[in-house]
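To start, the structure itself, in structure tokens.
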Amino acid sequence: MTMLEIHPRVFLRHPQLNEEDIRTAWKNSYYEALRADSPNYPEYLWIGADSKGRDVEMVGTLTDDGWLIYHANTPLSRRVRLEVEKARR
């Protein structure tokens, strides 16, 4: 099974989220995109719903053991909303 690691910094910067919120949102992700222009390439963006029904944006990368999420936020940032809108055109 693929492991999901969440960087501890996420919880320091966004105390409205806990580990269960992020794991649930990742499992329920309905949007995934490779951010080809990212300086952190290969970097992925996911959007999913947590158990409270909130949309959570998550950014991470593939590791040797699975995935590392190093950014998560709710509600979706304006930048992410614009990125998704642009990709869907």
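Structure data summary
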read-out	value
Hits in the stretch 1-47 - residues which are touching a helix residue (DSSP H, G or I) at 6+ places or on another chain (Cβ under 7 Å) and of a type in the set (Phe, Trp, Tyr)	Tyr31, Trp46
Residue match in the stretch 21-34 (condition: touching a Ser or Thr at 6+ places or on another chain (Cβ under 9 Å) and farther than 21 Å from Arg88 by Cβ)	yes
The listed residue being in a loop (DSSP other than H, G, I, E, B), of a type in the set (A, V, I, L, M), more than 16 Å from Thr2 (Cα to Cα) and in contact (Cβ under 8 Å) with a residue 12 or more places away in the chain, out of Leu45, Leu76	Leu76
The stretch 1-41: number of residues that are more than 21 Å from Lys52 (Cβ to Cβ) and not in a strand (DSSP E or B)	12
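Quick note: the coordinates plus some simple rules give every number you see, no bench work behind them. As the structure is a computational prediction, the values presented were derived from the model and not from experiment. All Cβ positions, glycine included, derive from the backbone under ideal geometry; neighbour counts span all protein chains shown.
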